Structure formats: structure tokens, C-alpha cells
Amino acid sequence: MHELSIAMSLIDAACEKAALMGNPRVEALYIRVGPLSGVVADALEFSFMVAREGTAISEARLVIEKTALVAHCVRCDKDQTIDSPQHLRCPVCNEATPDVVSGNELEFSAMEVDEGVTTNS
Amino acid sequence: MSPRIVEVRQNILKQNDLLARDLRSRFSEAGVFVVNLVSGPGAGKTALLETTLRTMRDKHRVAALTGDLATDNDAQRLARSGVPVKQISTGTVCHLDATMISNALGTWNLAELDFLFIENVGNLVCPASYDIGEHLRVVLLSVTEGEDKPLKYPTLFNSADCAVITKCDIAAAVEFDREAAYANIHEVRPGLPIIETASKTGQGVEEWIAWLESQSVVMS
């Protein structure tokens, strides 16, 4: 269960960004999680709710966007969306697709802030 | 003022990734080739490493870092091979990260090493997310674990550069289905090189080391 470590890294990064902006109230964090990131979204959300307590962003929501697994199919000469990381095969022609284009993301994409309200700490 | 969205666009594990990148350039500059061994608990990482260190030490300057939650049993076993070994106690942390590696290296002179092996914590999930500055990630699958492990843990197998099947000397006794194992590994990571070994008998160890040597030449 490394989701707690990841939640803490995320919170550290968000607090750092917020401090640079003069500590506005952070309403939400937006993240993107891919099926090959090794992270379970539910566990991350749970960890986040625990880890945000007592930090400068203790009221922030976590908004998780689950991204698709996309691999390049050599036979179709096209990027294809793969249903499951258990079968890295083109959904159209069934060719094996070792060339993963995206799906590893574990990205802190954006932050929603209210600059009318500032927090201390 | 109403709330607004500020774009960030950075990897959540940015700090780890930056440190891992630094470590990798440090390793490359010093001419040491670094291999991260990952697997579930009991797949035979320590046994493979013991055999590997003993076999390689005459020809190469080798060393190992071994991660463990609580005990230093693995470090003690590995130290018997007579090469530099250091224990990383992770406490309750289920994986190694770049900071732990950086701290563990301490005063080691990397220029005096050719190969550094890092034995990760036995865990098929968490180590997948953490770059520790390695050149190669090798996943172990023992014949006793069941051929469907790659399908259950696709992320770790997908992130690996090679799969080593261990304990092949008892494959028949546990009715290991070799074809199914190969098929499953290649479902989650098409084309992944697979090496079959048995640390007790030495089966496949020569092939494994030859493969490591060839990779170290390509990468460095």
C-alpha cells in the first residue's frame, strides 16, 4: 500500500505550489492516473483524505481522472486504446502491442484555488 | 474573487524521479551498471543474488544493496559471498525509493564497482511506481507461484526489462506450466526476454550473467 506515500508526495507538492502563490485556499487537486501507474485510485483517495489533515490544504478535494491505456499497433499503424493491461493486444487485429504510448501517468495536473481566501501555515 | 484552476502538470513522484535521474547519471559516469531485482516475497531474489555475486565476483567488481522491512537476514546471507553488501531497512515501507538508495550509498566509491544489484522489498505492487535510478529492472517469477502471476500484477511485469523464472529445478514437482507462464508474461509485456534459472543447481546462471554483461555493454 504505497498510495499513502504517493498521497503525501502530492500534498507536499500542492502545499509548495500554494505557498508560492501566497497560500490561497486550495479547493481541489486534479490528478491523472493511468492503468499502468501502479496506483489504485480508491486507495489513493482514501489515503489523501487521511494525509491532508493538518496540512495547508486540509480542505482540498481530490479529483482523479483515470486515463486510458494506449499502445501503438504496428500492424494497424495506429495508436489503439487497450481495454486491460492484462492483455497488451490491439483490439482491432489482436497483434501484440509492446509499444505503450500512454497509461503510465501519475500526474498532478492542476489545482483549484480561491485567492479571495488565504490560509495560514 | 471566484476560484480558478491553476495548471501544474508535473509527475506526482517528481522529487523521486529527479533524484532517480541524478542517481542514474552518477552510476553511468562511474561506470557501474545497476540492476533492480523485484518480485513477490519468497520468489528467490536473495538466492539468485547470492549465486550471481559468487559467480561474478572473480570477473567483475560487484556489490549489493538489499531492502527489507525489518530483518537483516538477507544482507547476512549475501555478505557470505564476500562482496560489499549493505542493508536498507525500510521499516513499514513496502518499496525502495530513490532517497533510500542515495542514503544507502553513503561513502561507497562507485568508480570501484562494475555492477550494483539492488534487491527490492518483496512486493509485486508498490516497487513498480518507483524509479530508483537503475539501468535495468528484472522481475522474478518462481515456478511455485503460479503461472498467472503476470496477469494478476501486470504493472510490475510491464515495467520490467527481463523476467527470470526461478526454482526451475523443482518445476516438474510443482507441475509448472512453462508455456502458460511464457504466454502470460508476454500478454502483459510482449517480447520481454525470459531466462530460466535454478539458484540451487546453477541452471541458467551462466545465461543470466551473460545477458547482464551484454546489457551493460549496450547501456553504458
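The values are calculated or read from the model by the stated rules, or taken from the named source; none is laboratory data. Remember, predicted model here, so these are calculated numbers, not experimental data. With ideal geometry, Cβ positions are generated from the backbone for all residues, glycine too; neighbour counts draw on all protein chains shown.
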Hits in the range B:122-157 - residues which are touching a Cys at 6+ places or on another chain (Cβ under 6 Å) and at pLDDT below 95: B:Asn123, B:Cys126
Out of B:Ala183, B:Ala210, sole residue that is of a type in the set (Gly, Ala, Ser) and either within 22 Å of B:Leu156 (Cβ to Cβ) or within 14 Å of chain A (Cβ to nearest Cβ) (or both): B:Ala183
Flag for B:Val34 being within 16 Å of the chain's Cα centre (by Cα) and either aliphatic (A, V, I, L, M) or not in a strand (DSSP E or B) (or both): yes
Count of the range A:32-54 residues which are closer than 16 Å to A:Pro98 by Cβ and either among the polar types (S, T, N, Q) or more than 14 Å from chain B (Cβ to nearest Cβ) (or both): 0
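The rows are residues; the columns are (1) within 14 Å of the chain's Cα centre (by Cα); (2) more than 24 Å from B:Ile195 (Cα to Cα).
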{"residue": "B:Asp97", "(1), (2)": "yes, yes"}
{"residue": "B:Ile101", "(1), (2)": "yes, yes"}
{"residue": "B:Leu105", "(1), (2)": "no, yes"}
{"residue": "B:Lys149", "(1), (2)": "no, no"}
{"residue": "B:Leu156", "(1), (2)": "yes, no"}
{"residue": "B:Ala171", "(1), (2)": "no, no"}
Residues located in the range B:57-80, provided they are within 21 Å of B:Val164 (Cα to Cα) and in contact with a Leu (Cβ under 8 Å, 6 or more places away or on another chain): B:Val62, B:Ala63, B:Ala64, B:Leu65, B:Thr66, B:Gly67, B:Leu78
Among the residues listed as B:Val35, B:Val8, the single one being under 25 Å from B:Leu116 (Cβ atoms) and modelled with pLDDT of 95 or more: B:Val35
Subset of the range A:84-103 (residues that are assigned to a strand (DSSP E or B) and farther than 14 Å from B:Val188 by Cβ): A:Val101, A:Ser102
Exclusive hit being polar (S, T, N, Q), under 19 Å from the mean Cα position of the chain (by Cα) and surrounded by fewer than 17 Cβ atoms within 10 Å (Cβ to Cβ), set B:Ser25, B:Ser2: B:Ser25
Helices (runs of 4 or more DSSP H) (entirely within the range B:131-220) containing at least 3 residues that are within 29 Å of B:Ala63 (Cβ to Cβ) and free of Cβ contacts under 8 Å to residues at least 12 places away in the same chain: B:205-219
Conditions (1) of a type outside the set (Phe, Trp, Tyr); (2) free of Cβ contacts under 8 Å to residues at least 60 places away in the same chain; (3) surrounded by fewer than 20 Cβ atoms within 10 Å (Cβ to Cβ); number of the one not met by A:Ala71: (3)
Residue that is farthest from B:Arg137 (Cα to Cα), among those in the range B:83-104 that are more than 14 Å from chain A (Cβ to nearest Cβ) and in contact with a helix residue (DSSP H, G or I) (Cβ under 8 Å, 6 or more places away or on another chain): B:Val83
Checklist (1) part of a loop (DSSP other than H, G, I, E, B); (2) under 27 Å from B:Val6 (Cβ atoms); (3) within 11 Å of another protein chain (Cβ to nearest Cβ) applied to A:Ile57, failing item: (3)
Residue in the range B:112-129 that is surrounded by fewer than 20 Cβ atoms within 10 Å (Cβ to Cβ), away from chain A (no Cβ under 14 Å) and farther than 14 Å from B:Ala64 by Cα present: no
